[in-house]
Every structure is written in C-alpha cells, then in structure tokens.
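K.L.:
Pasting in a structure now, in structure tokens, and then I'll have a few things to ask.
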Amino acid sequence: MLRIVCLAFLLAIVAAKPHEEITKEHATEVAHECKEETGATDEDVAQLMKHELGETHEAKCLRSCIMKKFEIMDDAGKLNKEKALELVKIMSKDNEETSASVAEIVDKCDEIEVPEDHCDAAHAYETCIHEQIHEHGLSLEEH
C-alpha cells in the first residue's frame with residue numbers, strides 16, 4: 001500500500017505537465033533535483049522509487065519538494081485541491097462510480113490540520129490520501 005503514496009508523486013507529473021511524456025526516468029530526475037535541494041540521501045530517493053514511505057525529516061522534505069514542483073502543495077504548505085483531485089483520479093482508476101469518492105477523499109484531506117513545517121505537512125497529506133483511498137475501497141492503478 002505504501003507504494004501508492006510514491007506512485008502519487010510519479011503520477012503527479014502527469015497532472016502538472018499534461019503535454020509532456022512522463023517516464024520513470026523523469027520522475028527520478030525530479031527526485032534527484034529535490035534530493036539536492038533538501039539534503040535527502042540516496043537511500044531516501046531509493047525508498048521513494050520503491051514506493052516506501054520515508055520517515056526521516058529529509059525524506060519528508062523530499063516529498064514536500066516533489067509535491068511543490070508538481071503543484072500538489074502550494075508554497076504556503078497547503079493542499080492544492082484541483083491538482084490533488086487530478087492525482088487521486090489517476091490513482092484510483094476514476095470513473096462515474098468513483099467520482100464522488102475521489103472528491104470526498106480530497107475534501108477530507110484538505111480539511112486536516114497540518115503542521116507548519118512543510119515537510120511534515122507533505123507527510124500528513126500523503127498519509128491522509130493513502131488512508132482515504134484505502135478507506136473508500138478504491139482500486140488503484142498499478143504501474
């Protein structure tokens with residue numbers, strides 16, 4: 001299930017750059033850019049690419065950086081509902097039957113209280129999205 005969280009970041013690229021072909025290599029490139037910006041380690045990037053949730057502050061900051069680059073989280077550390085909705089739709093094989101659930105997931109996660117620290121906020125948002133997708137019993141795209 002934790003790979004879903006990391007898949008979110010890979011799929012976020014699709015939402016942020018719809019006219020560009022998205023590859024795992026591109027996602028890796030962005031992760032490495034964020035690694036340099038955040039002081040994350042190669043292990044943090046490897047965990048991300050293996051779809052494992054990182055617990056260190058640097059791993060959380062890596063995710064914050066990626067979320068900001070793909071506009072899922074804004075510069076104030078708040079969830080961008082429109083981009084998050086696009087992301088969850090992609091992750092959950094959105095169709096007419098799941099559209100209401102997708103909107104509920106994003107609304108629920110948009111309402112959570114998050115820490116002021118953007119790294120911790122990114123972790124809180126990704127945890128919420130992951131939990132809500134599971135709670136709503138949605139099928140997830142496997143890549």
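The values are calculated or read from the model by the stated rules, or taken from the named source; none is laboratory data. Small disclaimer: the values here were computed from a predicted structure and weren't measured. We place every Cβ from the backbone using ideal geometry, glycine too, and count neighbours over all the protein chains shown. Protein only, heavy atoms only, side chains kept; ligands, DNA and RNA dropped before computing areas. Shrake-Rupley method; radii C 1.70, N 1.55, O 1.52, S 1.80 Å.
K.L.:
When you scan segment 1-111 for helices (runs of 4 or more DSSP H) that lie fully inside it, which ones turn up with 1 or more residues that are modelled with pLDDT of 75 or more and in contact with a helix residue (DSSP H, G or I) (Cβ under 9 Å, 6 or more places away or on another chain)? Even if it seems obvious, please write down each step before you answer.
P.N.:
Numbers: elements: 2-16, 24-38, 42-49, 57-69, 81-91, 99-111.
It comes to 24-38, 42-49, 57-69, 81-91, 99-111.
K.L.:
In segment 112-143, what count of residues is obtained for those that are hydroxyl-bearing (Ser, Thr, Tyr) and either open to solvent by less than 30 Å² (accessible area, probe 1.4 Å) or modelled with pLDDT of 85 or more (or both)? Steps first, answer last, please.
P.N.:
Within segment 112-143, the subset hydroxyl-bearing (Ser, Thr, Tyr) is 125, 127, 139.
Narrowing the set further to residues that are either open to solvent by less than 30 Å² (accessible area, probe 1.4 Å) or modelled with pLDDT of 85 or more (or both) leaves 125, 127.
Summing the residues that are hydroxyl-bearing (Ser, Thr, Tyr) and either open to solvent by less than 30 Å² (accessible area, probe 1.4 Å) or modelled with pLDDT of 85 or more (or both) in segment 112-143 gives 2.
K.L.:
Any residue in segment 70-88 that's under 23 Å from His136 (Cα atoms): show its pairings with residues that are charged (D, E, K, R) and in a loop (DSSP other than H, G, I, E, B) at Cβ separation under 6 Å, as long as the two are six or more apart or on different chains.
P.N.:
Here the result reads Asn80/Glu71; Asn80/Asp74; Lys83/Glu71, each pair linking segment 70-88 to a residue that is charged (D, E, K, R) and in a loop (DSSP other than H, G, I, E, B).
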